[in-house]
Amino acid sequence: MDIRSALQEAYKYGCEYTDQGSVADYIPELAKQNPDLVGATLISPNFEVCSIGDARYKFSAQSIAKIFIYLCVLETYDLDYVRQFIGVTPSSKPFNSILELELSHKNIPVNPFINAGAIVATSLLMQHYHENTFEKIRERAREVVNRSDLDYCHAIYVSESNSAYANRALTYMLLNDGIISTTQNVEDLLNSYFRACSLLVNTLDLATIGAVLSHNGKNAQGEQVLSTENAAILRTVMATCGTYDYAGEFALLVGMPAKSGVGGGIVATNRSGYGIGVFSPKLDKHGNSYVGVRMLERLSTLLNLHIY
Ligand code: DON
């Protein structure tokens, strides 16, 4: 099936589920999103771009930014060193779970995509880039998606900062357990993390990330925008941890490395050169876009993208 027909069919299938799920409201600014938006972009192995619906609508990356945070960490430190502070094990609890952190080995966050793991990753970046940490994350995001005007949303950033009780609790636990240095200013650390989460993206940006990872770090222009090794690490951790405690079911249903965010976006990648970005704000109970997962499920079947 050609990619345009596949995308149209997946979009139609996804739209049958727009009554399911609910928009994230624990960040008040996200609750204001129009719940009916649905968009998707597919980039083919030869970088042909195909978009549908609200594909160019901009929303906050949220946890999808954890790809860039972890990438910066991998590019700054040795993987063995990083693994002393952040694991690569799938999580079994919700993405902001305090219990998961309490039960994990040596109180080290199980992976870089749950909130505790991304907060530790940001603290490692703070030790190296100090007050320029967010700028470093944004610079790498701009390079990977090839868009120099990519930036964060001040209103969403402030809204999250004013309501981030769970993330503050996780951060103080990490300080208490010695995973984050006590010399670290908690608010500076969280502000870098929240600003990264509020980076505004559209489904073309997400599909571009997926395509770069699928092409082992190369973009449409043939430039190596991240290393082959780090592309492989990101694909692996996305496959096992990218949709949190839904990752097993997602692997069965969709069969592609992916990363979701509570803004409603999901980026999916594979080994065949495809990059996919989907968006719809209503989420399932794990924090993954309900319609987004359905569209990916359909695309996986129609284009034979299931890797398992
Ligand atoms: O830290 C938070 O709770 C949000 N900024 C990001 C969480 C998120 O996107 C979870 N993903 N589905």
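No lab work stands behind these numbers, since they all come straight from the coordinates. All figures in this text were calculated on a predicted structure; none of them were measured in a lab. Please note: Cβ atoms are built from the backbone with ideal geometry, for glycine as well, and neighbour counts cover all protein chains shown.
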Full-extension gain in nm, Asp177 to Val49, via 0.36 nm per residue minus C-alpha separation:
41.4 nm
Taking the Cα centre of the stretch 11-77 as the origin and placing charges on Cβ (Lys, Arg +1; Asp, Glu -1), which of Cys15, Cys72, Phe59 is farthest toward the positive end of the dipole?
Cys72
Would you please classify the overall shape of the stretch 1-93 from the alpha carbon gyration tensor, given that a ≥ b ≥ c denote the square roots of the eigenvalues, rounded means a/c under 1.5, and beyond that prolate means a/b larger than b/c while oblate covers the rest?
oblate
222 nm mean residue ellipticity, helices alone, for the chain (DSSP H n ≥ 4; -39,500 (n - 2.57); rounded to 500)
-14000 deg cm²/dmol
For the stretch 121-162: rounded, prolate or oblate by the Cα gyration tensor [a/c cutoff 1.5]
oblate
So the angle from the long Cα axis of helix 3-15 to the longest Cα principal axis of the chain, reported in degrees to the nearest 10, equals 70 degrees
Taking the Cα centre of the chain as origin, sum charge times position over the Cβ atoms of Lys and Arg (+1) and Asp and Glu (-1), and report the length of that vector in debye to the nearest 20.
300 debye
Let me have the relative contact order for the stretch 193-308, percent, based on Cα pairs under 8 Å that are six or more residues apart.
26 percent
So what's Rg/Rh here for the stretch 145-223, counting alpha carbon atoms and using the Kirkwood radius for Rh?
1.11
Taking 37 °C and 0.692 mPa s as the conditions, I'd like the Stokes-Einstein D for the stretch 175-308 in µm²/s, using the Kirkwood hydrodynamic radius from alpha carbon pairs.
209 µm²/s
Rounding to the nearest 20 debye, state how big the charge dipole of the stretch 171-293 is about its Cα centre with +1 on each Lys and Arg Cβ and -1 on each Asp and Glu Cβ.
340 debye
The alpha-carbon pair-distance distribution computed for the stretch 93-134, with 10 angstrom bins and whole-percent values, is 31, 44, 23, 2
Candidate aspartates and glutamates for bridging to Lys218, where Cα separation is under 19 Å - those fewer than 8 sequence places away on the same chain excluded
Glu48, Glu75, Glu139, Glu143, Asp205, Glu229
Karplus-derived 3J(HN,Hα), 6.51/-1.76/1.60, for each residue of the stretch 216-233, Hz, glycine and proline x:
6, x, 9, 9, 4, 7, x, 7, 7, 8, 8, 6, 4, 5, 5, 4, 5, 5
Exposure proxy check: Lys58, Lys12 ranked by fewest other beta carbons within 10 Å?
Lys12, Lys58
So which of Lys32/Lys93; Lys32/Lys106; Lys136/Lys282 end up more than 32 Å apart, counting from Cα to Cα?
Lys32/Lys106
Springs between alpha-carbon pairs under 10 angstrom, Gaussian network model over the chain: which of Leu206, Leu189, Leu252 fluctuates most?
Leu252
Placing +1 on the Cβ of each Lys and Arg and -1 on the Cβ of each Asp and Glu in the chain, which of Ile3, Ile27, Leu150 has its Cα farthest towards the positive end of the resulting dipole?
Ile3
Relative contact order of the chain, please, whole-number percent, based on alpha carbon pairs below 8 angstrom and at least 6 residues apart.
29 percent
Percent relative contact order of the stretch 1-160, based on C-alpha pairs within less than 8 angstrom and at least six residues apart?
20 percent
Segment Tyr308-Tyr165, length gained on full extension (0.36 nm per residue, minus Cα span):
47.6 nm
Could you let me know the centre-to-centre spacing of the stretch 280-308 and the stretch 92-152, using Cα atoms, in angstrom?
24 Å
Translational diffusion coefficient, Stokes-Einstein: compute it for the stretch 72-177 using the Kirkwood radius over C-alpha pairs as Rh, at 25 °C and 0.890 mPa s, and state it as an integer in µm² s⁻¹.
165 µm²/s
Taking the C-alpha atoms of the chain, convex hull volume expressed per residue in Å³
110 Å³
